[in-house]
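Just so you know, all these numbers are worked out from the coordinates, no wet-lab data involved. Computed from a prediction, not measured in an experiment: that's the story for all the values here. Ideal geometry is used to build each Cβ from the backbone, glycine not excepted, and the neighbour counts take in all protein chains shown.
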């Protein structure tokens, strides 16, 4: 049985149920008399006051090293200036280091607060003992404990030995939100100084004594095999040390990356490309179209959509398509590995350290305890790095090379070997009664399975799919949602927001089609459909319709929905909106102002976002993720498309896979609502509404519906 | 194996290279260990590998060691001694970086254009940065950072 993405992320690659991270040392004492206070695996304080906070999720730009450290530091009342971040390696203390599903802050919130609060209580207790005063008269403040009556002060460093001898409180008292002084503010990225000086180390920056660089040739078509190659020609290239074979590939080892890549070019490898060698994008779409003829597995059903549609006064239906997508992370695939003496050490820019550890152990036939994974900074993840493929490749090469090796993928390797996010087709139909009320809705999504998470399984748990269709927030009496997932002949994988972008694009655009048909304003129609019972529950899901209506109204107000968008000479102007709830958590609404020229060229002038992600941890991070998600969504809406020719990804560079650039930036306005309760994620949430808001704005400007991405100017003339 | 003399971050160095066409990028990263200069595409399309060659912003993946010989090279590590170059400070003040991988290139382009007797204006710097790629989409904050630099720290 394969593992669905959500299961994969929530359980971790080891299958350990670790939704909340345990603090195993609770109920014991830290080490009595120690020179270092380490009450849990999440933090330690040295006698000089240096405070190490441990982060067990991968930093790939979402700011997790900063936000998780803020949670710890808040409850610890640490002096932010005295803290040092340490990246955890997977092991018994850190059983779930996987990073995905925008889950890091949400899943770490409670355990990290408890860890920080427990340490703070122990330090306060230590000071009270030292001064022989009641601990209720002492308080923690900026890395020190202060006695209220006398004003006496002891730094955390001075209290290390005393605090270490104390019992660890089982239920430390957490702060009230009103007392937060760090959480909820804008805190600059903790890695910022390293990044702007070039000292921040990504995977590709790993340098291990004695290491060689490797470029690996693999068959460009999935399922092909090696026929022959000329090692001598590669070895004739200056700087090349050796040529070795691994399962499925040939590795050229060299003194530098350039020599490795040049040596690989000289190999003259001949492949038997196998049965997929003639595969094209058209073949993939015809597989999707054939599958879409079936109703799909029913994943959500209320009322009787079929009967309601048949009885409707007005019916409409449409098919939406979203393209195959590359991740195009700026740091290409790479990993450094050393295999010696029955153990293995890996330095990898990975979102799946647990998985890398487990699969490397399996590959080498050693225990996972013998594998150490160092998680480096990551130059862009976006779901690509949930796979362990490039890390395992480095392990395989290092095993044969018998010395440390860094495998580096070229840019074209990175496109060719991407785990492409599959194209999707979404079929929708709607029925309106005689008064124009929306009474029936069907939504069926058809796409390829994500091979990154394992083999295809027709009986796999649909796992809330289609995301965005299954958890449709609107109050519609008769609804039927279907899910058609088919086996992929190409490597496929998760991509920022995974299934949401395709399904929210289709849902939110089709809802605008309904509004036009019913003669209603798109905002008014949505607000009416969100006026139903809230929170609305079905299955294990809870939908906060009232909350979504609040952010939708806020976005519309800030964007000036009531007034027409500004006219632009020689261009057609329009405004569009979309909203969504991500996995029952973050509520988001976006409004786009666009104009379309005579040749169909689209300019996006402004995107207004309103978001409620629960408790905000780092406001700068929340805003940054909105800004990032909008740009990502615009690249998706306007530019990105992977095509398959001769069984392989046809794109090889940024020249044929364009992404948004600075001069195409719209004005961005972000309104993060201070939310209640625990925080929800932000990494993926701002992506799905961008394309439908833009497409709806284009329809408002031109009267032309956009039902396929990327948006093509030729369709808008 | 031929030897080439280059000055990197103020230090004259002799670099051995088996192939005179070896891009400066890999000399910096693999031979000299200056990994702040990033590899993004190897084709001059993304700008992540931008360094200064005799004060001009250039993509080090497009400059061979042969062509770099005798030149003054400045990398992100050598932009300032203390990390307090106006561009670095402006970047930090606007909390620009996300994954951060493209940022050394962005900063080097901005630093080259904003230096000298006739520093470039906002529009000119933005035009140059538009030939770079940031996959995280930090462009908005980058524009604000450039605004600070152009204003000479007065904003």
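Residue by residue along B:29-37, Cβ atoms of other protein chains within 10 Å of the local Cβ number 5 on average. Mean per-residue shielding of peptide A:621-630 is 4, counting Cβ atoms of other chains within 10 Å of each Cβ.
Restricting the count to DSSP beta bridges whose residues both fall in chain A, what percent are antiparallel, rounded to a multiple of 5? Here the share of antiparallel DSSP bridges comes out near 75 percent.
Across segment B:86-150, the relative contact order, built from alpha-carbon pairs under 8 Å that are at least six residues apart, equals 51 percent. Report note on the peptides A:330-336, A:104-110: ranked by the mean count of other C-beta atoms within 10 Å, highest first, their order is A:330-336, A:104-110. Averaged over the residues of A:662-669, the number of partner chain Cβ atoms lying within 10 Å of the residue Cβ comes to 5.
Normalised by the number of residues in segment A:332-425, the mean separation of alpha-carbon contacts (under 8 Å, six or more apart) gives a relative contact order of 40 percent. Sorting B:129, A:386 by the number of Cβ atoms found within 10 Å of their own Cβ, with the fewest placed first, yields B:129, A:386. Cα gyration tensor of segment A:514-652, axes a ≥ b ≥ c as square roots of the eigenvalues: rounded (a/c below 1.5), prolate (a/b > b/c) or oblate? Taking the square roots of the gyration eigenvalues as a ≥ b ≥ c, segment A:514-652 is oblate.
Normalising the average separation of contacting C-alpha pairs (under 8 angstrom, six or more residues apart) by the number of residues puts the relative contact order of segment A:617-668 at 35 percent.
Given a Förster distance of 25 Å, report the FRET efficiency between residue A:645 and residue A:236 from their Cβ-Cβ distance, rounded to the nearest 0.05.
About 0.20, to the nearest 0.05.
Note on A:427, A:601, A:433: ascending count of other Cβ atoms within 10 Å places them as A:601, A:433, A:427, the fewest first. For the pair residue A:208 and residue A:47, label points projected 7 Å from Cα toward Cβ lie 3.5 nm apart. Binning the C-alpha pair distances of segment B:86-150 at 5 Å intervals from 0 yields a P(r) profile of 4, 21, 35, 27, 11, 2, 1 %, listed from the shortest bin outward. If R0 is taken as 22 Å, the Cβ-Cβ distance between residue A:84 and residue A:374 corresponds to a FRET efficiency of 0.85.
Compute the FRET efficiency between residue A:270 and residue A:317 as 1/(1 + (r/R0)^6), taking r as their Cβ-Cβ distance and R0 = 51 Å, and round to the nearest 0.05. The formula returns an efficiency of 0.55 here. Relative to the globular-protein estimate of 2.2 N^0.38 Å, the Cα radius of gyration of segment A:553-612 stands at 1.28. Protection proxy ranking of A:264-277, B:93-106, A:186-199, by the mean of other Cβ atoms within 10 Å over each peptide's residues and highest first, is B:93-106, A:186-199, A:264-277.
Taking segment A:217-231 and a reference point 7 angstrom along Cα→Cβ of residue A:400, the backbone N atoms nearer than 13 Å belong to A:217-219, A:226-231. How far, in degrees from 0 to 90, does helix B:139-150 lean away from the longest principal axis of the Cα atoms of chain B, to the nearest 10? So the inclination is approximately 90 degrees. Across every direction, the projection of the convex hull enclosing the Cα atoms of chain A has a mean area of 33.4 nm².
Among A:554, A:530, which comes first, then next, by fewest other beta-carbon atoms within 10 Å? Present the calculation step by step, with values, prior to reporting the outcome.
On the way: A:554 18, A:530 23.
Lowest count first: A:554, A:530.
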